[in-house]
1. Given 0.36 nm per residue, what is the gain on full extension from Ser65 to Glu14 after removing their alpha carbon distance, in nm?
2. Quick check: convex hull over the Cα atoms of the stretch 1-50, volume per residue in Å³, rounded to an integer?
3. Within the stretch 59-75, find all residues whose amide N lies under 15 Å from a label point positioned 7 Å from the Cα of Leu53 along Cα-to-beta-carbon.
4. Using the number of other C-beta atoms within 10 angstrom as an exposure proxy, rank Tyr76, Tyr25 with the fewest first.
Amino acid sequence: MGSFRSSACRLEEELLKKLGIHTWYTPRNRVIRGILGSAVWALTLAKISKSKLAIPLFYFQGMVSALLLSLEVVNYIEHFGLERKFDPGKGERAVMAPQLTRLPRL
């Protein structure tokens, strides 16, 4: 919850300020809409399935999806060999690392 509050909520607050909206509880707030949309979806699934397990399973499915996405990102980085030079205080774009496995076939 800490990184969510420090990044998503702060960025949305800055966007709303740029648009001239100074209230946090507005229909234009995408963070609140996302949270409420997920809650409505979970409650709808619970109502349709008439099961008390629907909401915990919905939460579990979300956690598994986040885990699989993380694994896919790591797999992509390992497969394509993205590298960064570490230089504190200076950002640098990731570049493709040279790979000997990508040699043309003869």
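Just so it is clear, none of the values below were taken in a lab; they were calculated from the coordinates. Computed from a predicted structure; not experimentally measured. We place every Cβ from the backbone using ideal geometry, glycine too, and count neighbours over all the protein chains shown.
1. 15.5 nm
2. It is 72 Å³ per residue.
3. 59-61
4. Taking fewest neighbouring Cβ atoms as first place, the list is Tyr25, Tyr76.
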